[in-house]
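Structure, as structure tokens:
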Amino acid sequence: MQLRSELRKLFARRRTYIGYGAFLILELVILWVFHLDKPREEMGKILSDAGLEVDHYYSALTVTYWMLGFSMAMLGAIYLALVSGDIVAKESEDGNLRMVLARPISRLRVLTIKYVAVLIYTLTFVWFVGVSGYLMSSIALGWDGGLFVWNYELRVFSFFPELTTGIGRLCLAMLLLSLSMCTLSSIGFAFSCLRIKPAAATILALSVLFVDSVLQMLPFMAPYKEHLLTHRMSNWVYVLENHVSWAKLAESYTALIGLDLTLFVLGWMAFRVRDFKT
Amino acid sequence: MTRKADPEVILEASHLSKSFGGKPALRDLSFTVRRGEIFGLLGHNGAGKSTALGIFLGMVEPDGGEARIGGASVQRRRAWALRQAGAIFESPAFYDYLSGMDNLKVLMSYSGGFDAEAALRVVEEVNLGDRIHSRVSTYSHGMRQRLALAQALLPEPKLLLLDEPTDGLDPEGIKWFRDFILRLREERGMTVLFNSHLLSEVEQMCDRVAIVRQGRKVYDGRLEGIADEEMTLEIEADPVELARACYGRLGGRELAEEGRVSFPEGTDPAVVARELVEAGVNLRRLTPLRRSLEDVYLEVTGSPEGKEEKS
């Protein structure tokens, strides 16, 4: 009942849907880019160099994979940081939290409900991007075809000729990508629990991500790259390898889930001792 | 440490103290509110009233002392204690993008569940009618306050905590609110803690008041007793020396305001008049004055200009 109320609040706000709208536009843009001659040629060259049939792999599934990677890195981080940075700080700023805390419910429970709501939003958001991306790509390119995955940074080069295998792998990838994005939401959530403005919580969450990505690019950080947050968050791509290293994935996602829980506890510790007063 | 709670006491503030950034907001504040009472917590803006309310609701952690609702410590058994209380704030913040009813659903989900039938009954009681299904963003301040009343009453509390509830309401709204609170006490025996700096409101509603100044309680007592403690007369008479001699014989004391004389409790104005006339004083006017809450308030908190600093 309380979780349903929290979700009702979250999904009844118009601004929640701005993110969905923006993603649909971004997907259309990516789809349009894939229709241009130059990218088509480039991709065709990579595929033919690898001995793969261009028409079969220049497909809805392949475009969906690119859409997921691009859009989440570009816009997803911003929208998820916005929503998670808002979830506690905005209600605190507006005074709604006082109305909630005047009721016989513990602060831990209030925070847990909000955190679970943010995680559900994150999961639905990633799946919305994936499913809508595939539907749009299917309309433009046809639903059939294989999945071709190429990621230079992570050294992933794989292909799945069968549609069902491709869809299965893409679903697994979306699941892990959702978990990765939950870490970003957890960072936003933890900042949101502090006595700061919602915008500050969002900016801080994005700053953490930005600094981490910069560190990843520095040559002297190469030995530690695997431990960096953004690197671990991008590990969802490994589930698209032809031979999946489950141990590597398990290690990365255990670390991310551990970090999520730690961030929740830190947020709760800050929230627990706060005074709420007019 | 356990001690037996008085079952007649529903709210107890026991030696509460709180500082914000080293600045004291409450200093050793203690008082009790008995069942069925309307109790006024009075003080200037920033005197510590809202901090006290925050402590009663477990939103502010006191540096020292304890608040108890129905015998349960708010600091140790918050959920249990708050099951007996409903609260209204000066500017109640609702989810503006939801309807009034959806707001009630959301808030009631934190109070053990939403009962549609009970909600409709309370909505009728507070005169929100069909507007309960409109978005709260379209509500006037008065409607928001009535919605606040509805959310506070829905869990059927024994104690209502009101923080400046009539601020910003028009005179009609204030009267409606006052009558409603008085009816709640009359019909349901509800106890009310009324936090305000509006003396007239407190005077019309409360049985007992505590006056807070710079976080410290400076007065605690029944309202009806305030007027009876002393009797003040406004007297216009001459010669003044002769009149003063009479006042002295009757135990009177001249006040700072010209022509005002305070006599011991129970002094009959007719006796004063007869004494003056028999002493040969030309008595032109003699008016008994009631000592109002405002007089007491100004007396214990200092001059009208003596506003406290904000906590």
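The values are calculated or read from the model by the stated rules, or taken from the named source; none is laboratory data. What you see is a predicted model; the values in this text were computed from it and never measured. Glycine gets a Cβ as well: all are built from the backbone with ideal geometry, and neighbour counts include every protein chain shown.
Okay, here's what the table says:
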quantity: Residues of region A:44-54 satisfying the condition of being within 27 Å of A:ILE139 (Cβ to Cβ) and either in contact with a helix residue (DSSP H, G or I) (Cβ under 7 Å, 6 or more places away or on another chain) or without any contact (Cβ under 8 Å) to a residue 24 or more places away in the chain (or both); calculated: A:GLY44, A:LYS45, A:LEU47, A:SER48, A:GLU53, A:VAL54
quantity: Verdict on B:GLY173 being over 25 Å from A:LEU97 (Cβ atoms), small (Gly, Ala, Ser), surrounded by 15 or more Cβ atoms within 10 Å (Cβ to Cβ) and without any contact (Cβ under 8 Å) to a residue 40 or more places away in the chain; calculated: yes
quantity: Helices (runs of 4 or more DSSP H) (entirely within region B:153-250) containing at least 3 residues that are farther than 23 Å from B:LEU29 by Cβ; calculated: B:171-188, B:223-228, B:240-249
quantity: Condition met for B:ALA273 (in a strand (DSSP E or B) and over 36 Å from the mean Cα position of the chain (by Cα)); calculated: no
quantity: Entirely in region A:26-141, the helices (runs of 4 or more DSSP H) that have 2 or more residues that are in contact with a Ser or Thr (Cβ under 8 Å, 6 or more places away or on another chain) and surrounded by 23 or more Cβ atoms within 10 Å (Cβ to Cβ); calculated: A:60-71, A:77-94, A:107-141
quantity: Residue in region B:95-106 that is more than 9 Å from chain A (Cβ to nearest Cβ), surrounded by fewer than 20 Cβ atoms within 10 Å (Cβ to Cβ), acidic (Asp, Glu) and at negative phi present; calculated: no
quantity: Residue match in region A:164-171 (condition: surrounded by fewer than 17 Cβ atoms within 10 Å (Cβ to Cβ) and either modelled with pLDDT under 90 or touching a helix residue (DSSP H, G or I) at 6+ places or on another chain (Cβ under 6 Å) (or both)); calculated: no
quantity: Test: B:ARG249 is in contact with an Asp or Glu (Cβ under 9 Å, 6 or more places away or on another chain), under 30 Å from B:GLU275 (Cβ atoms), exposed (fewer than 15 other Cβ atoms within 10 Å of the Cβ) and not aromatic (Phe, Trp, Tyr); calculated: yes
quantity: Hits in region A:197-218 (condition: in contact with a Ser or Thr (Cβ under 9 Å, 6 or more places away or on another chain) and β-branched (Val, Ile, Thr)); calculated: A:THR202
quantity: Residue match in region B:22-42 (condition: more than 14 Å from chain A (Cβ to nearest Cβ), modelled with pLDDT under 90 and under 20 Å from the mean Cα position of the chain (by Cα)); calculated: yes
quantity: Filter pass, B:ASN127 being in contact (Cβ under 8 Å) with a residue 40 or more places away in the chain, under 15 Å from A:ARG98 (Cα atoms), more than 7 Å from chain A (Cβ to nearest Cβ) and of a type outside the set (Lys, Arg); calculated: no
quantity: Hits in region B:99-155 - residues which are touching a Leu at 6+ places or on another chain (Cβ under 8 Å) and basic (Lys, Arg); calculated: B:ARG135, B:ARG146
quantity: A:LYS45 in contact with a Pro (Cβ under 6 Å, 6 or more places away or on another chain) and basic (Lys, Arg); calculated: no
quantity: Some residue of region A:16-32 being acidic (Asp, Glu) and more than 30 Å from A:THR202 (Cα to Cα); calculated: no
quantity: Among the residues listed as B:SER111, B:SER91, the single one being in contact (Cβ under 8 Å) with a residue 40 or more places away in the chain, within 24 Å of B:ILE174 (Cα to Cα), of a type in the set (Gly, Ala, Ser) and within 12 Å of chain A (Cβ to nearest Cβ); calculated: B:SER91
quantity: Residue check, A:ALA60 aliphatic (A, V, I, L, M) and at pLDDT below 85; calculated: no
quantity: In region B:126-136, residue surrounded by the fewest Cβ atoms within 10 Å (Cβ to Cβ) [restricted to those that are assigned to a helix (DSSP H, G or I) and charged (D, E, K, R)]; calculated: B:ASP130
quantity: Answer residue from region B:276-311, given it is acidic (Asp, Glu) and either at pLDDT 80 or above or surrounded by fewer than 17 Cβ atoms within 10 Å (Cβ to Cβ) (or both) and is farthest from the chain's Cα centre (by Cα) among those; calculated: B:GLU278
quantity: Answer from B:LEU255, B:LEU283 - the residue that is among the aliphatic types (A, V, I, L, M) and within 28 Å of B:TYR219 (Cα to Cα); calculated: B:LEU255
quantity: In region A:1-50, the residues that are β-branched (Val, Ile, Thr) and either in contact with a strand residue (DSSP E or B) (Cβ under 6 Å, 6 or more places away or on another chain) or within 14 Å of chain B (Cβ to nearest Cβ) (or both); calculated: A:THR16, A:ILE18
quantity: Close pairs from region A:90-116: first within 13 Å of B:TYR110 (Cα to Cα) and within 9 Å of chain B (Cβ to nearest Cβ), partner aromatic (Phe, Trp, Tyr) and not in a helix (DSSP H, G or I), Cβ under 6 Å, at least 6 apart; calculated: A:ARG98/A:PHE276; A:VAL100/B:TYR110; A:LEU101/A:PHE276; A:ARG103/B:TYR110; A:ILE105/B:TYR110
quantity: Unmet requirement for B:ALA79, which otherwise passes all of (1) more than 16 Å from A:ILE105 (Cα to Cα); (2) free of Cβ contacts under 8 Å to residues at least 60 places away in the same chain; (3) at the interface with chain A (Cβ under 9 Å from one of its Cβ atoms); calculated: (1)
quantity: Residues satisfying the stated conditions in region A:193-230, i.e. part of a helix (DSSP H, G or I), touching a residue at least 24 places away in the same chain (Cβ under 8 Å) and in contact with a Lys or Arg (Cβ under 8 Å, 6 or more places away or on another chain); calculated: A:PRO198
quantity: Verdict on B:GLU241 being more than 36 Å from the chain's Cα centre (by Cα), exposed (fewer than 11 other Cβ atoms within 10 Å of the Cβ) and either among the basic types (Lys, Arg) or modelled with pLDDT under 90 (or both); calculated: yes
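Each row is one residue, and each column tells you yes or no for (1) β-branched (Val, Ile, Thr); (2) surrounded by 16 or more Cβ atoms within 10 Å (Cβ to Cβ).
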| residue | (1), (2) |
| --- | --- |
| B:PRO7 | no, no |
| B:SER19 | no, yes |
| B:PRO24 | no, yes |
| B:SER30 | no, no |
| B:GLY46 | no, yes |
| B:GLY64 | no, no |
| B:VAL74 | yes, yes |
| B:TRP80 | no, no |
| B:GLY86 | no, yes |
